[in-house]
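Visitor: Just dropping this structure here.
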Amino acid sequence: MRVLFIGGTGIISSACTRLALERGFEVYLLNRGRTSARPVPEGARVLRGDIRDAESARAALGDLSFDAVVNWVAFTPEHVETDLALFRGRTRQYVFISSASAYQTPPARLPIVESTPLVNPFWGYSRDKIACEDRLVRAHREEDFPVTIVRPSHTYDETLLPMDGGYTVVNRMRQGRPVIVHGDGTSLWTLTHHRDFALGLVGLLGNPLVLGDVFHITSDEWLTWNQIFAIVGEAAGVTPDVVHVPSEVIASFDPAWGEGLLGDKAHSMIFDNAKIRRAVPDFTATIPFSRGAREVMAWYDADPARRTVDGALDRTMDAIVEAYAPARARRPG
């Protein structure tokens, strides 16, 4: 089967590229260049082109056609319109990577199923994904465009820490400084290893029964944010000193950070994966976050250059702790 990944070397897509190659697919990647963190795997055929420039993409594609196209980097309706123009009549399946943050936020009921309403008044990123889905559903209904929609939740590889600030937070942990957990830390969250996600995504490719349909693909492990911070701390060799701060307070100091919390992470989000299992019977998420966190910290600790600290965010965290828990902020060390 011939597949095209637009992207293919990102956090989520890199595992899908490798698995598709392992299964004998003829894999093409359309991208602008290599990424040092995740190089192109052997066997993938790279098409040099810019999907944001329709003429560049068209020139790179030439007269190729595909059994499946997956766009990992479409975020707005304009991006989708470009893809509709490029791939009408060129692919038997077009997979749009949406986001589980498009689901109703906060959710009226749990677990989330694919029919949960799509509405997120807090986060522009999610509203753009909803608009993309709406356009593609219309294209399927009006012109039989062969779309399948996939909604990942919080999917990670060895390069990605789950908390806002990434290694800046781990650096604070290792220095014995307070780290901020939103709310009281008891909301439930779902973290999915990208190798687990790949089993579901690659299993959908080339299946005519999933055209016009939508799936989320997540782990079945549900963790509180207190547990997530504790697991990361254990992998980093420390016990984190946690300060709980309401998401609204965090948003008042850092609107971008707050938007991602109020529009996503502050709410319990757990998922019913029965539908993806029916479509892909061999899909099972088997990698617990305790194992994934050790992979992540091993990656960071293997190279000092990876352990970067965002100075501005670090100071913002200090200011939040000083305002909300001044006694904790003035602790020595």
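Visitor: Restricting to the stretch 187-230, name every residue that is in a loop (DSSP other than H, G, I, E, B) and hydrophobic (A, V, I, L, M, F, W, C).
Guide: Result: L205, L211.
Visitor: Let me ask something else about it. Given the condition within 18 Å of the chain's Cα centre (by Cα), among the basic types (K, R) and surrounded by fewer than 21 Cβ atoms within 10 Å (Cβ to Cβ), answer yes or no: does some residue in the stretch 143-158 qualify?
Guide: Narrowing the stretch 143-158 to residues within 18 Å of the chain's Cα centre (by Cα): 148-158.
If we keep only those that are among the basic types (K, R) as well, we get 151.
Filter again for surrounded by fewer than 21 Cβ atoms within 10 Å (Cβ to Cβ), leaving none.
No, the stretch 143-158 has no match at all.
Visitor: Can you find a residue in the stretch 3-17 that is assigned to a loop (DSSP other than H, G, I, E, B), in contact with a helix residue (DSSP H, G or I) (Cβ under 6 Å, 6 or more places away or on another chain) and hydrophobic (A, V, I, L, M, F, W, C)?
Guide: yes
Visitor: Just a yes or no: is a residue in the stretch 163-172 in contact with a Pro (Cβ under 8 Å, 6 or more places away or on another chain), surrounded by 21 or more Cβ atoms within 10 Å (Cβ to Cβ) and over 20 Å from Y324 (Cβ atoms)?
Guide: Checked against the condition, which is being in contact with a Pro (Cβ under 8 Å, 6 or more places away or on another chain), surrounded by 21 or more Cβ atoms within 10 Å (Cβ to Cβ) and over 20 Å from Y324 (Cβ atoms), the stretch 163-172 yields no hits at all.
Visitor: Further question: At negative phi and over 24 Å from the mean Cα position of the chain (by Cα) - does that describe any residue in the stretch 2-10?
Guide: There is at least one residue in the stretch 2-10 that is at negative phi and over 24 Å from the mean Cα position of the chain (by Cα).
Visitor: For the stretch 98-117, which residues satisfy the criterion of being buried (at least 18 other Cβ atoms within 10 Å of the Cβ), among the aliphatic types (A, V, I, L, M) and in contact with a helix residue (DSSP H, G or I) (Cβ under 8 Å, 6 or more places away or on another chain)?
Guide: Within the stretch 98-117, A102, I112 meet the criteria.
Visitor: Please give the helices (runs of 4 or more DSSP H) falling wholly within the stretch 243-333 in which 1 or more residues are under 30 Å from N207 (Cβ atoms) and within 18 Å of the chain's Cα centre (by Cα).
Guide: 274-279, 289-301
Visitor: Then there is this: From the set of residues in the stretch 182-204 that are surrounded by fewer than 22 Cβ atoms within 10 Å (Cβ to Cβ) and among the aliphatic types (A, V, I, L, M), which is farthest from A323 (Cα to Cα)?
Guide: L199
Visitor: In the stretch 257-298, which residues are among the small types (G, A, S), surrounded by fewer than 18 Cβ atoms within 10 Å (Cβ to Cβ) and closer than 15 Å to H193 by Cα?
Guide: S290
Taken together, the values in this text are just the output of simple stated rules run on the coordinates, not laboratory data. Because the structure is predicted, anything quoted here is derived from the model rather than measured. All Cβ positions, glycine included, derive from the backbone under ideal geometry; neighbour counts span all protein chains shown.
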